[in-house]
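Worksheet for the structure shown next.
The values are calculated or read from the model by the stated rules, or taken from the named source; none is laboratory data. Note that the coordinates shown come from a computational prediction; the quantities given were computed from them, not determined experimentally. Backbone-built Cβ (ideal geometry, glycine too); neighbour counts: all protein chains shown.
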Amino acid sequence: MNIIIVGCGKVGSALAAELNEEGNNITVVDLSADKVNEVSSKFDVMGVVGNGATHATLQEADIDRADLLIAVTDSDELNLLCCLIAKKAGNCQTIARVRSPEYNTEAPYLKDELGLAMVINPEFAAAAEIARVLRFPSAMKIDTFAKGRVEMMKFRLPEGSPLVGCAVKELANKFRCDVLICTVEREDDAFIANGDLVFEEKDVISLIATPKNANDFFRKIDYKLNSVKDVMIIGGGGVANYLCRILRRSGNINVKVIEKNPKRCDELCSQLEDVSIICGDAAEQALLLEEGLESAGALVALTNLDEENIFLSLFAKRVCKGKLITKINRIDFDDVIKHLDLDTIIYPKNITCETIVRYVRAMKNTIGSNVETLYNIVKGKIEAAEFHIKEGSPVVGVPLFELKFNASVLIAAILRGRQVIIPRGNDTIQPGDSVVIVSNHIEMHDITDILK
Amino acid sequence: MNFKMITYVIGWLLTFEAAFMAVPIITAAVYGEVEAWHFVGTAVFCLIIGRLLTFKKRKNTTLYSRDGFVIVALSWTILSIFGAMPFWLSGAIPNYVDALFETVSGFTTTGASILSDVEALPKCMLMWRSFTHWVGGMGVLVFIMAFLPLAGGQNMHIMRAESPGPSVSKLVPRVRTTALILYAIYFVLTVIEFILLLCGGMTIFEATNTAFATAGTGGFGFLNSSMGSFSPYIQIVITVFMLLFSINFNSYFFILLGRFKDAFTTEVRTFLIIVATAITAITINISPLFESVGEALRHSSFTVASLISTTGFSTVDFDLWPEFSKNVLVLIMFIGACAGSTGGGIKVSRIIILFKSLGKELRTLIHPREVKKLKIDGHIVEHETLRSVNVYMVSFVLIFVFSIVAISFDNHDFITNFTAVTATINNIGPGLEMVGPTCNFGFFSIPSKLVFIFDMLAGRLELFPMLVLFTPATWKK
């Protein structure tokens, strides 16, 4: 695929490296000749010096033959403008990094009306990742669909679980839970779950559910999630703001934010509910201990200074047994930091990069289709894809049990507006829905490919 | 320094060289020449060493800038050392240094020979000489890169070190695709010339040889009279193709894409203007020597094209021309072809940059506070490029002067020495006086020949790789 990356900062060059490695043809664009030279001599990519939001520069980067433009400069406005011009000039897909919370709330509008394929907010993505770690520390892997409203979780069935010996079709009656078992991995095999499959010990199960239903299900099968009950967040920046919202929405977690700047505390206080906000300097150990660091379930260090975050986590490691999450902005010293044994480390830049790379992979695997996201559930064997259903599709309006599906296909979730439906036989697919399909690694270009 | 990776690349280089030898082997088979066995022997030897060097799996594939330079300089040296084997083994050229001179002259597309009677060589040897031109013209490592994924992004270091010109740009994002496109253009142009030569009545052997030698802007002939005995039609075809091969190959890519404005860059236009001016001046100057102006024009254009493209074919002995013409010819020898072509010399783009910076310098003397940037085709010339062009010129002059002093021990006249170094460092072939188009380099002593070998390699690789190879800091850990 031909990809143009505008902006050669950390994220831009990380993307160039990763996407180039995966066999795409990359052209990088930046105003600074030094940066372009650095990236194009390090990786096998072509460099163009110029303003990515001008038609002439994009022409020089061969926008006519580009499949995708990714705008990751420092400026939100420039990124959006790049995407608009690219869309007009070359009719390619576009991805913009947008950091400002004002634009972030506009993301659906930007996507629908301005034709952007993806709007990525690094702070929100980081917050979502942190929230996932906090809620399911023992899950093996969590992927999200529909912007976080549906999750696919993978976990290993422990010995003596009530699920052992139970068939998939009995689940609904036995536990009364709205979850869908997608795949079961047993030793080296992986199956897409059908009704007759019986669970065994040590199976690795992946299931799809809303975050709330998943909690419910895990409680009923006595699976220890070790999810965190109270969280202490240091630093009240953008990530903290998003994180509080996500945590409050998904269940009963107590959140405490410590922020130095009184004005920022006021802002947070008026924006967030049910969150206790403490104005103080987290560098004072007495304050942390006073606020109950010793008994906290988790400490999330989110200040703007990497050094401070690292020190906070090192200190917290000595006094509390909870989960530690450290946000690091600079990715240059990651191997050094890895050796500090800091529990979980979050790099917002890497998360941005990974999210975009995942999108590109999906796009590449399904050229010419309307797949929104694609995940490997079991590498090379089973994958899950999210489709957008358009008017006039043959699957629309027919109850699912009447549709003739391919044997190895499972409809895992239907997303309608803000509503999430775990499908049963009587449900129907409506135009405008997004549908999550789990399948045996067949090439899917369109939703009709799942029919016989 | 990543020695493992360097030996790995050299291993592949030898494997490819073994494959290249298929060309003379096939020629020998067609003409039933026994020298085929010398080629087979060398090829097998190269293949064994090559496979041994590439056998080991290398872990660290990172190449830094200096690795790129060292790889390029070593590769070309080793390529020539092995390429010279068949000449020496078969006894066609009894002295190994002479054989090496001939091979280096081939790979660097110089075309200077130590043989007084080329017609005495077996046909397979002639074919090998011409084929080394073709391979060396576009670059051996670029060729390998086109077919072999070496080391990802760091390939650019190799391409930069091997390609002629002050700055190297890619045509498409990937080095490998760029290399493939360049070789495809090169191949197609060669085939077109081959067909046109066949139409002019050349035999397949002659046409192949001439096409290879023109494409690489090399200049090894297979007749003692070079191109003098062929028809005017063939001479005109060769003239046109020598000029075509000395134009930046990026231009052809842009023409294929229909971007004509990008194709005719300042460099290409300047090159064509220089060629036209030189041809006109020389035609006027030499027309009394020929029967008609048309004939004078044909010979002057052939000679100008041959020398500015650094090919080195000749139709007449231009050493007998008036002084003015000879001076113009020596001047254009230095200018050379466009960057990114197969030709040698200082390169038109460097000359343009030098003249523009001279102009800029003069302006700053008059308006000391004026802020001015050098621009070519609307693009600012980066300070880095400017600096490397200046350093290139200084190194060029230094190597030139040292070479002249080094070969002066042979006690030949100054014009011979001066033009001999000019002809080798600019990869042309013939010079004036004792190294004129009808003469050869055979009479120089062994040390002088070694100096020429260094000059040819340095000239082809744009000086720096060879200098890096001899810089002690390169070899320090």
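Just a few scattered comments:
- Restricting attention to region B:327-342, the residues that are out of contact with any helix residue (DSSP H, G or I) (no Cβ under 7 Å at 6 or more places or on another chain) and farther than 24 Å from residue B:374 by Cβ add up to 1.
- Residue list for region B:173-213, filter: in a helix (DSSP H, G or I) and within 14 Å of another protein chain (Cβ to nearest Cβ): B:175, B:176, B:177, B:178, B:179, B:180, B:181
- Per-region count, region B:397-411, residues among the β-branched types (Val, Ile, Thr) and either in contact with a Leu (Cβ under 6 Å, 6 or more places away or on another chain) or surrounded by 17 or more Cβ atoms within 10 Å (Cβ to Cβ) (or both): 2
- Of all the listed residues (B:363, B:350), the sole one being modelled with pLDDT of 90 or more and under 19 Å from residue B:170 (Cα atoms) is B:350.
- The residues of region B:39-86 that are over 14 Å from residue B:14 (Cα atoms) and in contact with a Cys (Cβ under 9 Å, 6 or more places away or on another chain) amount to a single one, B:86.
- Listing of strands (runs of 3 or more DSSP E) fully contained in region A:293-393 that carry 2 or more residues being at pLDDT below 80 and buried (at least 18 other Cβ atoms within 10 Å of the Cβ): A:371-378, A:382-388
- Checking each residue in region A:34-44 for being within 8 Å of chain B (Cβ to nearest Cβ) and touching a residue at least 24 places away in the same chain (Cβ under 8 Å) picks out A:42, A:43, A:44.
- Condition met for residue A:47 (on the phi > 0 side of the Ramachandran plot, at pLDDT below 90 and at the interface with chain B (Cβ under 10 Å from one of its Cβ atoms)): no
- Single match in A:31, A:78, A:84, A:58 (criterion: within 14 Å of chain B (Cβ to nearest Cβ) and touching a residue at least 12 places away in the same chain (Cβ under 8 Å)): A:31
- Taking helices (runs of 4 or more DSSP H) as the structural unit, those lying wholly within region B:70-172 and holding at least 2 residues that are within 14 Å of another protein chain (Cβ to nearest Cβ) and among the hydrophobic types (A, V, I, L, M, F, W, C) correspond to B:140-147, B:155-162.
- Matching residues in region B:347-399 - criterion: being touching a helix residue (DSSP H, G or I) at 6+ places or on another chain (Cβ under 9 Å) and aromatic (Phe, Trp, Tyr): B:392, B:396
- Residues of region B:412-431 satisfying the condition of being part of a loop (DSSP other than H, G, I, E, B) and buried (at least 24 other Cβ atoms within 10 Å of the Cβ): B:426, B:427, B:428, B:429, B:430, B:431
- Subset tally (residues that are among the charged types (D, E, K, R) and free of Cβ contacts under 8 Å to residues at least 60 places away in the same chain) for region B:440-477: 2
- Residue list for region A:1-15, restricted to those being closer than 22 Å to residue A:78 by Cα and more than 9 Å from every other protein chain (Cβ to nearest Cβ): A:4, A:5, A:6, A:7, A:8, A:9, A:10, A:11, A:12, A:13, A:14, A:15
- Inside region A:20-44, residues that are surrounded by 23 or more Cβ atoms within 10 Å (Cβ to Cβ), modelled with pLDDT under 85 and hydroxyl-bearing (Ser, Thr, Tyr) make up a count of 1.
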